[in-house]
Structure formats: structure tokens, C-alpha cells
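I have placed the structure first, in the form of C-alpha cells, so that the comments after it can refer back to it.
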Amino acid sequence: MLGTHPRQIKESIFYGQTTSLCETCLSLVPTKILFEKNAVLYEKRCKEHGKKKTLISSDIEYFKKCKDYFKEPDLPRVYQTETLRGCPYDCGLCPDHEQHSCLALIEVNHGCNLTCPVCFSESSPKVHWDISLEDFELRLDTLVESEGEPDLLQISGGEPTLHPQIIELIGLAKKKPIRHIMLNTNGIRLANDEEFVKELSLMKKGFEVYLQFDSLKDDTLLRMRGAKLTDVRKRALENLEKYGLSTTLVVVVKKGENDSELGAIIENALQYSCVRGVTFQPIQDTGRNETFDSEKHRIVLSEIRQNILDQTSLFSPKDIIPLPCNPETIAMAYGLRDKNTVHPITHWFSEDELLKNGPNTISYEKYPELKKHVFDLLSLSTAEHNSAIKLKELLCCLPQFAVPSDLGYDRVFRIVIMQFLDRFNFCIAQVKRSCVHFVTEKQKIIPFDTYNLFYREKL
Ligand code: SF4
Ligand code: SF4
């Protein structure tokens with residue numbers, strides 16, 4: 001007998017399905033991808049903990065656009081594990097992984113001179129471990145075996161500048177065929193020890209400092225980093241400027257704390273000619289994450305992108321675009337720097353722009369090499385001289401564009417938004433495209449996301 005109930009109306013559109021994590025027990029759970037108003041949500045269903053909806057993107061158009069940027073993956077030369085149990089339990093990398101290491105990290109110590117309430121590695125002055133030169137070299141060799149010529153290595157920690165052999169470690173890495181090396185740091189030693197900055201500057205070719213820079217305000221830094229650090233950051237930047245060391249600022253973004261400062265941080269970065277760009281990372285809920293309240297503090301890539309657009313007039317929506325190797329979790333904008341300002345150029349590469357210019361009209365279809373140049377440039381691993389060369393090659397393809405004769409790395413300014421996966425936004429499809437990887441103690445290469453969620457040992 002037919003029922004008499006009216007049909008149920010749903011407020012959301014079912015866009016697709018993935019596998020995510022239960023936010024309570026971290027089990028893999030079936031997950032619907034829903035569009036609701038202008039938001040993309042995951043609806044997760046855990047047998048034990050029930051149904052839960054979580055914000056994934058605040059911008060449906062941008063979320064859909066990301067899919068247009070998928071490209072064929074670049075794969076590693078070798079894998080360290082087999083595909084046996086299924087993702088994410090075979091990390092190593094296993095042959096099921098869909099991207100090589102655009103950016104590899106090696107942690108060289110666990111100790112730190114800060115105890116940040118936000119720290120995925122849970123470092124502090126109370127923990128002590130320094131990597132040996134032998135262990136570090138083994139990890140470098142694992143990376144070189146996997147990549148051939150790795151694009152980008154970040155020396156991380158803990159606070160790596162506290163390692164008693166940090167200069168030797170950097171020197172050792174520089175002997176390997178690695179294109180670009182970055183030193184991740186909270187900046188305290190750079191601020192207080194000018195001699196150290198001078199020593200680093202002797203190795204500055206192919207080397208860059210990745211400087212923690214969450215806020216321009218002491219009270220915010222006190223809450224996010226446990227210390228008033230504005231003066232430290234200023235002095236660190238002054239020393240880096242003095243010795244001409246390429247620097248990228250890295251900002252962990254926590255909603256309600258520093259998300260209103262993104263424009264000011266970019267403007268401040270442009271006051272220093274040594275700064276090559278700013279990387280924004282939405283807070284990842286792993287490791288030590290004290291005082292984190294997901295309802296108040298969680299922020300997603302699309303919200304950061306919108307904040308940047310709202311808080312500076314430097315970039316338009318067509319300038320901050322998905323990164324082809326992992327479009328759903330990384331966005332990038334390129335600009336040409338002119339002293340304290342920047343002329344965005346990424347919008348020149350969008351297909352609509354390429355098509356609308358009358359007699360000069362070109363398109364990816366007519367110029368396949370142009371597409372290759374765009375994809376080459378829009379890569380996390382494009383760094384230092386590489387980015388200037390790739391930018392030059394690309395701009396030469398655009399008849400509308402006069403390529404500046406002095407185009408070098410010092411004229412490049414990048415904005416990157418890099419979102420990592422945690423118990424909220426984990427997606428089995430996206431994690432396979434992760435291109436940011438740790439090289440670990442057992443000569444394994446493990447995606448940043450799965451390492452912090454499942455593999456990292458508690459200190
Ligand atoms: S995340 Fe990548 S390496 Fe890890 S199990 Fe999945 S496919 Fe394999
Ligand atoms: S986030 Fe960095 S600076 Fe802060 S405690 Fe951890 S390692 Fe140290």
C-alpha cells in the first residue's frame with residue numbers, strides 16, 4: 001500500500017562520496033560531500049558515534065574549480081613500502097600514492113626554546129633529542145633515492161637552530177643533489193645571534209629561511225606561541241635583510257585569533273626585500289593544540305583565500321588559484337615584486353584571460369607548451385633560481401607581457417595557502433595526492449597529514 005506521507009525535501013545537494021575520519025574515534029567512515037547554501041560539507045557516519053556535519057569549503061565555485069586543475073601526477077622513482085592493508089595504513093610511500101615529494105621535511109631535533117600551545121611535534125625545552133649526522137645522511141639518501149634530484153627539503157624540528165651541529169647538517173644537505181633547502185625556525189636565534197645569520201649567509205645559494213610569523217601583535221603571539229615575540233620577529237627579519245638571506249614567512253591561521261591580520265602580514269612582508277612570500281596554513285588539529293575549540297578556531301582554505309582578498313588590494317580572485325599537483329589543499333598566487341609593492345601575474349595564466357585579447361589571443365589549446373610552463377611554475381617545489389627561470393619562460397609565451405630584463409628570484413613574491421588534513425577534513429582521495437612528506441627514522445617517506453595523524457610517536 002502506498003504511504004500517505006509527503007516526499008521529504010532535502011536542503012542540500014549530494015555532490016559525491018569519500019572516506020573521512022570519525023572526529024571522535026578516528027575510524028575511517030563513509031562520508032557524503034554535500035553542497036548547502038554556499039558551503040561544502042562532509043556528512044560523516046560512524047557506527048559508534050553517529051552522524052556529523054563538518055565544513056570543508058565556504059566557496060562552492062572555488063571547490064569545483066579545483067577539479068579543473070588536476071594534472072597527471074609526477075611519481076617518485078622508488079617506493080619504500082608495499083600496498084597491503086590499504087590507505088592510510090601502508091604509508092612509506094606505498095605504490096598507491098599519487099604524487100612525489102614536492103617538499104620533504106626532516107626533523108633534526110625535538111627540543112625547542114618555546115612551548116607553543118600550537119605544535120604538531122609537541123616540542124618544548126623539556127624534550128631532548130638531536131639527530132646524528134649519520135642518521136641525517138641516511139634520511140637524505142632515502143630522499144635522493146626516491147626523488148633523484150629532490151626539489152625542496154625543509155630542515156625542521158623542534159627548533160632546528162638549537163641543534164649543536166646545525167651548520168654541518170645544512171652543509172651535508174647541500175652536498176646532495178637537492179635543489180633548494182629551507183630552514184624552519186621560530187626566529188629566536190636569528191634575532192639574538194647575528195654571527196649565526198652571517199654563517200648561514202655563506203651558504204645562501206639555494207638556501208632559504210622559513211620563518212614562523214603568525215601575528216604582528218604580542219597578545220596574539222602570547223596566546224598562539226606562549227611568548228611575546230614581535231620584537232624577536234622584527235630583529236630576525238632585520239638580520240636576514242642585512243645578510244640578504246631569502247626568507248618565506250609562515251603563518252598558522254586560527255580563526256578569531258589572527259585571521260584579521262593576513263593583509264597586514266603581507267604588507268609587512270613587503271617592507272623587507274629578503275622576503276620572497278608568505279605561506280598561510282590553516283591550523284591543523286594534531287599534536288599539541290591547547291585551547292583549540294573547533295567551533296571557534298577552525299578555518300578552511302577558502303576562508304583564508306577570501307580574507308586575503310578582503311584585506312589587501314594586491315590580489316584579485318583570479319590571482320589565487322589551485323596548485324595543480326594538489327589543487328584541493330594548496331592555492332598559490334605569483335607576483336612580480338617592485339620594491340614595496342607587488343604586481344600579481346597569476347591571473348594572466350587563466351584560460352579566460354588568455355582567450356579574451358583580440359588579435360593577440362592565445363590559449364592552452366593553441367600553445368600546449370604554455371600549459372606546461374604554467375604547470376611547471378605552479379608547483380610547490382619551484383623555488384629560488386628555478387622560479388625566476390620558469391617565470392621567464394612562461395612570460396615569454398604571453399605576447400601581452402613585456403618580460404622585465406632583471407627578472408630574478410628577488411623579483412618573485414608568492415602567496416601560498418597550504419591546508420593539511422586532520423580529523424575534520426581528512427579525505428582518502430586528497431591524502432593520496434599529498435606532496436608534502438616527512439622522511440622518517442626508519443627510512444620511510446610519510447605524508448605530512450598521515451604522519452601527524454597516525455604515525456608520529458608521542459614524545
Ligand atoms: S597516504 Fe599514500 S603512502 Fe600512505 S597509505 Fe595512502 S597511498 Fe599509501
Ligand atoms: S611550534 Fe615550533 S617553535 Fe613552537 S614549540 Fe613547536 S617546534 Fe617550537
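Looking only at residues in segment 271-317 that are assigned to a helix (DSSP H, G or I) and among the basic types (Lys, Arg), the one that is surrounded by the most Cβ atoms within 10 Å (Cβ to Cβ) is 305. Pairs are defined by a Cβ separation below 7 Å, a sequence spacing of at least 6 or placement on different chains, a first member in segment 176-187 that is assigned to a loop (DSSP other than H, G, I, E, B), and a second member that is among the charged types (D, E, K, R) and more than 16 Å from ligand 2 (Cβ to nearest atom); the pairs so defined are 177/149; 179/149; 179/151. Which count do you get for residues in segment 76-131 that are more than 16 Å from ligand 1 (Cβ to nearest atom) and touching a His at 6+ places or on another chain (Cβ under 8 Å)? Residues flagged as more than 16 Å from ligand 1 (Cβ to nearest atom) and touching a His at 6+ places or on another chain (Cβ under 8 Å) within segment 76-131 amount to 11. Out of curiosity, is residue 195 under 23 Å from residue 442 (Cα atoms) and surrounded by fewer than 21 Cβ atoms within 10 Å (Cβ to Cβ)? In short, no. Restricting 83, 54 to residues that are under 22 Å from the mean Cα position of the chain (by Cα) and of a type in the set (Ser, Thr, Tyr) narrows the list to 54. Once segment 51-110 is narrowed to residues that are among the small types (Gly, Ala, Ser), part of a loop (DSSP other than H, G, I, E, B) and within 30 Å of residue 12 (Cβ to Cβ), the residue that is farthest from ligand 2 (Cβ to nearest atom) is 86. Contact annotation: no residue pair with Cβ atoms under 7 Å, 6 or more positions apart or on different chains, pairs a residue in segment 78-107 that is outside the structural domain of residue 329 (by TED's automatic domain parsing) and within 14 Å of residue 431 (Cβ to Cβ) with a partner that is more than 16 Å from ligand 2 (Cβ to nearest atom) and in a loop (DSSP other than H, G, I, E, B).
When residues in segment 130-144 are screened for being under 16 Å from residue 438 (Cβ atoms) and part of a helix (DSSP H, G or I), 9 of them pass. Does residue 221 fit the bill of being under 23 Å from the mean Cα position of the chain (by Cα), assigned to a helix (DSSP H, G or I) and of a type in the set (A, V, I, L, M, F, W, C)? So residue 221 fits the description; yes. Restricting segment 227-260 to residues that are of a type in the set (Val, Ile, Thr) and more than 16 Å from residue 413 (Cα to Cα) leaves a set whose member that is surrounded by the fewest Cβ atoms within 10 Å (Cβ to Cβ) is 230. Of 158, 206, 187, all but one fail to be surrounded by fewer than 21 Cβ atoms within 10 Å (Cβ to Cβ) and not hydroxyl-bearing (Ser, Thr, Tyr); the exception is 206. When we screen 218, 214 for residues that are exposed (fewer than 15 other Cβ atoms within 10 Å of the Cβ) and closer than 30 Å to residue 256 by Cβ, the only hit is 218.
Residues in segment 436-459 that are in contact with a helix residue (DSSP H, G or I) (Cβ under 9 Å, 6 or more places away or on another chain), of a type outside the set (Val, Ile, Thr) and not in a helix (DSSP H, G or I): 6 in all.
Checked against (1) acidic (Asp, Glu); (2) loosely packed, with under 12 Cβ neighbours inside 10 Å; (3) in contact with a helix residue (DSSP H, G or I) (Cβ under 9 Å, 6 or more places away or on another chain), residue 48 passes all but condition (3).
Picking from residues in segment 431-443 that are of a type outside the set (A, V, I, L, M) and crowded, with 20+ Cβ neighbours inside 10 Å, the one that is farthest from the chain's Cα centre (by Cα) is 440.
Annotation: residue 248 fulfils all but one of (1) under 22 Å from the mean Cα position of the chain (by Cα); (2) part of a loop (DSSP other than H, G, I, E, B); (3) within 21 Å of residue 340 (Cβ to Cβ); the unmet one is (2).
Of the residues examined, residue 155 is not one that is in a helix (DSSP H, G or I), of a type in the set (A, V, I, L, M) and within 28 Å of residue 288 (Cβ to Cβ). In segment 112-128, the residues that are in contact (Cβ under 8 Å) with a residue 60 or more places away in the chain and on the phi > 0 side of the Ramachandran plot form Cβ pairs under 6 Å with partners that are more than 16 Å from ligand 1 (Cβ to nearest atom) and part of a loop (DSSP other than H, G, I, E, B), at six or more places apart or across chains, as follows: 122/287; 122/459.
The values are calculated or read from the model by the stated rules, or taken from the named source; none is laboratory data. Note that this is a predicted model, so its numbers are computed, not measured. FYI the Cβ positions are ideal-geometry reconstructions off the backbone, even for glycines, and counts take in every protein chain you see.
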